[in-house]
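Notes follow once the structure below has been shown.
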Amino acid sequence: MEVTTARRWVGDGLLAAVLLVFAMVTTRYAAENQPGTMPLDALSRVLIAVAAVSLAVRRRWPVVTLTVVTVAVSAYLIGGYAYGGIMICFLLAVYTVAVALPLRPAAVAAGAALVAISVHAFVPSVGGPGVEGLVPAAAWVVVPFAVGVTVRLSREATARARADAARRIADDERLRVAQEVHDVVGHGLAAINMQAEIALHLLHRKPEQAEAALTAISRTSKQGLDELRATLMAVRGDEDRAPMPGLGQLPALRDRLAHAGLPVNLAIHGDRPLPDAVDLAAYRIVQEALTNVLRHAGSTSAEVTVTYAANVVELEVTDSGLGGTPPSGQGSGIAGMKERAAALGGELTAGPRAGGGFRVHAVLPVTRS
């Protein structure tokens, strides 16, 4: 911020110096081509210098700058001097106010400036044109004011667009993180819940089997925490974070679900490296589909088929459960799976199978890097 401010001060200072030299040089030639005007003298040069130098602080104090420039220009015109470079200073001062201030205060300041520089049109000693002189005087204000307002509105629209874009990015990131946490925590809790019910059921009658279920709970909770930790580290951008899960971890997922009481038959056809985003999305879709089976299907088994093709990876998860759509409001995650697929340009369908059970089918395009 300090560097930007310093650059503005330097830039405005250089602009003021250039306009000072420009006005001093060009006004002399302008006076030669405007008969009847007063020749340049010390007073006119002082007024030109005041108008030009004051522009060095135009963005810091725009209204003060416009006031000083207007007084200098009005005195210059009342003195009968030729139109010249000093009017450029006035144009820039009006423009700066229109850019820097909201419309109403900017219009008030510009209107006061118009009144001030119109005074010379009614001074007989300088041959003022009277009412007819108001039109060119108004042009010196209206034109830079309109340009300044247009620029300010354009900047505000650009700033709003950038803020909206940043807000959308932040919202999308929050949704992505929420989806990741939902998939990790939801899967782990579903497996733990199933194992806990088994342990409670067997605790008194078959304590040795209950102990196995409790051991599985311990193992599942540790794996879930490790995966959640890896997800959060990836969100934070830690360089030494653990790799995000992918289809290569499906055998481990199958084993965890087997301990939770859901046998899963895993079939993989073909093999090829996948982009990280596709690999993660594919794993999460399979994980969420199997979690839904564990929660809702009342199923005794599930089948997962992964098929690698030239440009896509195809996923299919079926079960032998009750079929039908998972109950609403119970976190089925179907919408989340569809969003993951759509975000990669793929598609996902989910619904009951004709022969019973439920089927989730996804096709994800594989973009070559």
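No value in this document is a laboratory result; all are computed from the given coordinates. A quick note: this is a predicted structure, and the numbers were derived from the prediction, not measured. Reconstructed Cβ throughout: ideal geometry from the backbone, glycine too, with neighbour counts over all protein chains shown.
If R0 equals 30 Å, the separation of the Cβ atoms of D171 and L14 corresponds to a calculated FRET efficiency of about 0.10. Annotation: amide H-H contacts under 5 Å for V313 (H modelled 1.01 Å from N, sequence separation of 5 or more, or interchain): L364, V366. For the range 2-128, the square roots of the Cα gyration tensor eigenvalues, ordered a ≥ b ≥ c, give a/c of at least 1.5 with a/b no greater than b/c, which places it in the oblate category.
For G246, no residue whose modelled amide H falls within less than 5 Å of its own remains once neighbours fewer than 5 places apart on the same chain are excluded. For the range 2-128, the relative contact order works out to 27 percent when only alpha carbon pairs closer than 8 Å and six or more residues apart are counted. Going from the residue with the fewest nearby Cβ atoms within 10 Å to the one with the most, H259, H120 rank H259, H120.
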